[in-house]
Every structure is written in structure tokens, then in C-alpha cells.
Amino acid sequence: MINFPCPHCRAENEVEPDQAGQTVACYACDGEVIVPRLTARPKARPAAQPQEVIARPGFSLHFKGCATWLLIGGLGLMMYQCVDRIREEKQAQETRKGRERVKANQ
Ligand SMILES: [Zn+2]
């Protein structure tokens, strides 16, 4: 149920939630009243805030997880490039040695 005060006579009106956003007649003064989309009950608002607070650490944890994976991925790529360079250097040294050996044999 949605509780809201009438803008004309201040009487508390109570309507079904599916009437939110619709124009209804005030039960007290019969004036046209637009039903607010949010429940006017004061209990509903504090309930919405803790949810928001809970949602933030979840997001930051998710972000931290992403950052960790990015870091691991970056380190992996660096290691791979390092190993690849060492392998290339070894190959280059071996081909140089091979050429020198061929030269020495000639
Ligand atoms: Zn009224």
C-alpha cells in the first residue's frame, strides 16, 4: 500500500501500489491527487539506504578482483616477453657461433 498526504486537505490517503503515478480522488475532499511513485512511508527509506551501503563494498571487491587479474595478466605477459627475448638472444648467439665455426673451418 502507498500512503501519501492529500495536497488539498492534508488527509492521509492509502492506495494500492499499482495506482502509483495515477490520478485518484482524495477520500476526504474528493480532490484530484496524483499518487506518488515512491511510498511515502518513513519506514521504507531507511531500508533502502543499508542496501546501498552493502552494494558499495561488493562493487569495490569486484573492482579489486578485476585489478588483481589485470596485474597477474600483465606480469604473465611481461614474463612471457622476457623468456621470449632470452630465447631469441640464445638463438642469435648460437647462429653467430655457427657462422664463426663455418668461417674458422674455411
Ligand atoms: Zn483531500
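Note on Cys82 and Thr68: their simple-model spin labels are 2.2 nm apart, each label 7 Å out from Cα toward Cβ.
Over all orientations, the stretch 58-106 has a Cα convex hull whose mean projected area works out to 2.6 square nanometres.
Read-outs: derived from the displayed coordinates by stated rules, not from any lab. None of these values were measured; they are calculated from a predicted model. For neighbour counting, all protein chains shown are included, and Cβ atoms are generated from backbone atoms with ideal geometry for every residue, glycine included.
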